[in-house]
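Written below as structure tokens is the structure these notes are about.
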Amino acid sequence: MASAYTPGLKVSARTTIEKMRRLPLKGDVLVREGECVTPSTVVARTELPGAMQTVKLAELMGIEPADVKGSLLVPVGSAVNRTTVLSRSKGLFGLFKTEVRSPVEGTLEMVSEQTGHLGIRFPPTPIEKDAYIRGCVKQVIAEEGAVIECVGALVQGIFGVGGERQGTISVPATGPDDALTEAMLTTRDAGQIVVGGATIDAAALRKAAAIGVAGIVVGGVVDQELIAYLREALGDPGYDIGVAITGHEAIPFTVVVTEGFGGIRMAARTFGLLRSLQGRTASINGATQIRAGVIRPEVIVSLDDAAGTEQGRGESGQLLVGTPIRVVREPYFGLLGTVTALPSELRQVESETWVRILEAHLEDGRVVVVPRANVEIIET
């Protein structure tokens, strides 16, 4: 067997990047194909219908349900607020009148002659989808959104929390082994994406929030340190990191972990790339999904032109001799290396199962044999 396919983690100084920007429901697309956009450009806009508030008018007025429609002082479809009188009785000799005002602001949308209830729809919630990256509109999807394309640097991570943000890359760490400490963070980092080396603790995460940092990128993080911060930030003492999608956490910055959980140093190539981008504006997103439809956390820096786009090594996801990889299972978890051989025959491993394996030369000099299912490609 000359080649195989395995999930890839992309770390590239220059590649073509496409981002789908789609509304959750149909709306208006505000850009055209070929139009150049910035991260803050609104690509599409829609409105999420408000919830319905029920008013039991027949009971409040003391009338039959069939008489409710005739008692209304405002027609269906009218805008109402808390001062709007919906219905008023004639009273006795003009006295002792009963009136019902709208309990909320919204639109009178429904009248039921069977129950005598009214339905008032709360105002809609506007939803906008921005471009997220600087680039050009490659494709418009009618009533839904657009595909934005750019040539840029891309660093994908293993895990992240927090949503989409933009900021300037700042690298206070001197090397991939340096932990990002509380002392390294200063007020100058407000609005920036700060890059560390090996790890970050809960105290540094708290300071990053207090300063107003836009994002944090580190090689590893101790799960209990991250959970401790998230529990404080979210006000939920029982919060835990789940296995579903992340990225929707209501925290003031985004975290991207490039290697894994624990005090793992950032890959030298990844750190070198991020350091070379210091001072550039980047887009960061911590959204992670490890099940079907894999979503990787990412840092993207749009470049100025399309010249010299990397073509990569063969077909995307193809495992070949010379392919850079990361091992994602023990005993070599988190270590980087290069494929040196892809034997075609099956080999029995410690679990006594027969699997396809590969040989790899690790960064620390060791040559090891691991199952192909236990690695992921680091795409260039």
So the FRET efficiency between THR125 and ILE245, C-beta based with R0 = 25 Å and rounded to 0.05, is 0.70
Ignoring ligands and nucleic acids, ARG206 exposes an accessible area, probe 1.4 Å, in Å² to the nearest 10, of 100 Å²
Per-residue accessible area, 1.4 Å probe, largest first, puts ARG22, ARG291 in the order ARG291, ARG22
Put PHE333, PHE253 in order of accessible area, largest first, probe 1.4 Å, and you get PHE333, PHE253
If the chain between THR186 and ARG101 were fully extended at 0.36 nm per residue, the gain over the current Cα-Cα distance would be 25.2 nm
With all protein chains present and a 1.4 Å probe, the order of MET266, MET110, MET61, MET20 from largest accessible area down is MET20, MET110, MET61, MET266
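First select every other residue whose beta carbon is under 14 angstrom from the beta carbon of LYS138; then total the charges, Lys and Arg +1, Asp and Glu -1.
Neighbourhood net charge equals +1.
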Taking a ≥ b ≥ c as the square roots of the Cα gyration tensor eigenvalues, with a/c under 1.5 meaning rounded and otherwise prolate when a/b beats b/c or oblate if not, the stretch 201-261 comes out rounded
Neighbours of THR246 by Cβ distance under 14 Å: Lys/Arg at +1, Asp/Glu at -1, summed charge -3
Rounded to a whole %, the carbon-and-sulfur portion of the accessible area of the chain at a 1.4 Å probe is 52 percent
For ASP223, the net charge from surrounding residues (Cβ-Cβ under 14 Å; K, R +1; D, E -1) works out to -3
Mean accessible area per residue over the stretch 15-152 (1.4 angstrom probe, all protein chains present, square angstrom) is 57 Å²
Among LYS10/LYS138; LYS69/LYS97; LYS26/LYS56; LYS56/LYS90, the pairs whose Cα-Cα distance exceeds 26 Å are LYS26/LYS56
Across the alpha-carbon set of the stretch 6-133, Rg over Rh with Rh taken as the Kirkwood radius works out to 1.32
Quotient of Cα radius of gyration and Kirkwood radius for the chain, i.e. Rg/Rh, equals 1.16
With -39,500 (n - 2.57) per DSSP H segment of 4 or more residues and division by the full residue count of the chain, the 222 nm estimate, nearest 500 deg cm²/dmol, is -3000 deg cm²/dmol
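The values are calculated or read from the model by the stated rules, or taken from the named source; none is laboratory data. This structure is a prediction, so every number in the text was calculated from the model and none was measured. Quick reminder, even Gly has a Cβ in these numbers, built from the backbone with ideal geometry, and neighbours come from all protein chains shown. Please note that ligands, DNA and RNA were not included when accessible areas were found on the heavy atoms of the full protein model with its side chains. Shrake-Rupley method; radii C 1.70, N 1.55, O 1.52, S 1.80 Å.
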